[in-house]
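The values are calculated or read from the model by the stated rules, or taken from the named source; none is laboratory data. What you are looking at is a predicted structure, and each value in this text was computed from that prediction instead of being measured. Here the Cβ is made from the backbone with ideal geometry for all residues, glycine too, and neighbour counts use every protein chain on show.
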Amino acid sequence: MLEVTDLAVSYGGLRALAGVSLVVGAGQFVTVVGPNGAGKSTLFKTISGIVPPTAGSVRFEGEDLLAMPASRRAHLGIAHVPEGRQVFKAMTVRENLEMGAYPMAGRHAWVRMLDRIHTLFPILAERAGQFAGTLSGGEQQMLAIGRGLACAPKLLMLDEPSMGLAPAIADLIFDRISQIHREDGLTILLVEQRVAEALELCDRGYVLETGRIVLEGPYEILAGDDRVRRSYLGLD
Ligand code: ATP
């Protein structure tokens, strides 16, 4: 479904990504882990069209994403739930969800999707008329995921959804992401710092360090790798 090949990104003189290649098959759950500043958010921003690369290619269902603007990528079915949630704080919960739905055509599909979002996150129905800025961090994350789902995407990219959340809330968010993958069959690309949880959820994972993929493979390979165990899982 998604094929990233030899991607390079620079901010001025700083090289944020170099030779990054990654594949996400339809229906898969793929995780990218790595330390702060490794380039994880940059990778997502390049796929969704916020940051232009200096080299490489990104294809989605065979189409060349780099040749099209971010808005068209959303129409193709790519949803990006950004780091730090970035909900529209001065808009209501319902308005935030409506903003997410703009790439999707059809009233009928929207009503069905809103119903699904409310089933996954009932609090978003209870707080529909409340300003998003008054929600707790966990509720804002639910809203950010709901806004991503609102356009009925094929690929949901989630950038550190557990960031800054208490463990119990983070667990709930991970449960919902897993539910979305299982029940809705959505393809998921997840960036996470909570490596143990993220690896347990995924089919395959990549380790990104200082802009390069240093390891990739299924859960068993990553969880069994000495460096991953020491650096990311806190195990000997
Ligand atoms: P974190 O988990 O801390 O968000 P990350 O793995 O997502 O980190 P990025 O945010 O992609 O990493 O950053 C990769 C590198 O690019 C870092 O060195 C960062 O300082 C730099 N960088 C990111 N955005 C910009 C920007 N807009 N201008 C200049 N440098 C940037």
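Results, tabulated for the structure shown:
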| read-out | value |
| --- | --- |
| Qualifying residue in the range 99-113 (condition: modelled with pLDDT of 95 or more and away from the ligand (no atom under 16 Å from the Cβ)) | no |
| Residue in the range 141-151 that is closer than 30 Å to LEU65 by Cβ, surrounded by fewer than 23 Cβ atoms within 10 Å (Cβ to Cβ) and free of Cβ contacts under 8 Å to residues at least 60 places away in the same chain present | no |
| Residues of the range 99-139 satisfying the condition of being surrounded by fewer than 17 Cβ atoms within 10 Å (Cβ to Cβ), within 22 Å of the chain's Cα centre (by Cα) and acidic (Asp, Glu) | ASP115 |
| Lone qualifier among ARG73, ARG94 - being farther than 16 Å from LEU208 by Cβ and in contact with a helix residue (DSSP H, G or I) (Cβ under 6 Å, 6 or more places away or on another chain) | ARG73 |
| Hey, VAL33 more than 16 Å from the ligand (Cβ to nearest atom), at pLDDT below 95 and surrounded by 14 or more Cβ atoms within 10 Å (Cβ to Cβ) or not | no |
| LEU43, sole failed condition from (1) in contact (Cβ under 8 Å) with a residue 60 or more places away in the chain; (2) of a type outside the set (Phe, Trp, Tyr); (3) within 16 Å of the ligand (Cβ to nearest atom); (4) surrounded by fewer than 15 Cβ atoms within 10 Å (Cβ to Cβ) | (4) |
| Tally, over the range 161-215, of residues that are farther than 18 Å from GLY25 by Cα, small (Gly, Ala, Ser) and surrounded by fewer than 20 Cβ atoms within 10 Å (Cβ to Cβ) | 5 |
| Candidate set from the range 12-23 (those that are surrounded by fewer than 22 Cβ atoms within 10 Å (Cβ to Cβ) and touching a residue at least 12 places away in the same chain (Cβ under 8 Å)); member that is farthest from the ligand (Cβ to nearest atom) | VAL23 |
| Matching helices (runs of 4 or more DSSP H) fully within the range 140-236 where at least 2 residues are under 15 Å from the mean Cα position of the chain (by Cα), within 16 Å of the ligand (Cβ to nearest atom) and farther than 30 Å from ALA90 by Cβ | 195-201 |
